[in-house]
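Worksheet for the structure shown next.
Taken together, the values in this text are just the output of simple stated rules run on the coordinates, not laboratory data. It should be emphasised that the depicted structure is a prediction, and the values quoted were computed from it without experimental measurement. Here the Cβ is made from the backbone with ideal geometry for all residues, glycine too, and neighbour counts use every protein chain on show.
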Amino acid sequence: MLFKTASNEMTTPAILTLQTELDAFERLRMTLLDRSPGNYALVKGNTLVDTFSSEAAAIREGYRRFGNNPFLVKRIVVADVPMNFTSFNLGM
């Protein structure tokens with residue numbers, strides 16, 4: 001299911017759930033690029049928890065601290081590369 005945001009962009013429920021974390025990451029992106037380029041940021045709410053050298057380590061720490069509650073792990077790069085996936089499942 002897709003939703004429209006105020007900026008008229010299409011978004012999924014997961015993105016809506018993590019919007020605060022995504023906004024915080026964007027605010028911190030340039031600082032993170034100076035400090036930890038190529039690493040992974042763990043963000044909860046408006047707070048940068050820490051950076052990690054591997055995605056798996058960041059995810060483990062997220063589950064350890066926050067359990068099954070939403071948190072964001074995102075690679076620290078200059079620009080995000082869009083990933084598109086094609087599904088052949090038509091839902092029939």
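Under the criterion of Cα pairs below 8 Å and six or more residues apart, the relative contact order for the range 18-75 equals 38 percent. Relative to the Cα centre, the charge distribution of the range 17-68, modelled as +1 at Lys and Arg Cβ and -1 at Asp and Glu Cβ, gives a dipole magnitude of about 140 debye. Summing charges over neighbours of Lys74, with a neighbour being any other residue whose Cβ is under 15 Å away from its Cβ, gives -2 when K and R count +1 and D and E count -1. With the gyration tensor restricted to C-alpha atoms of the range 18-75, the semi-axes of the equivalent ellipsoid amount to 17, 14, 7 Å, longest first.
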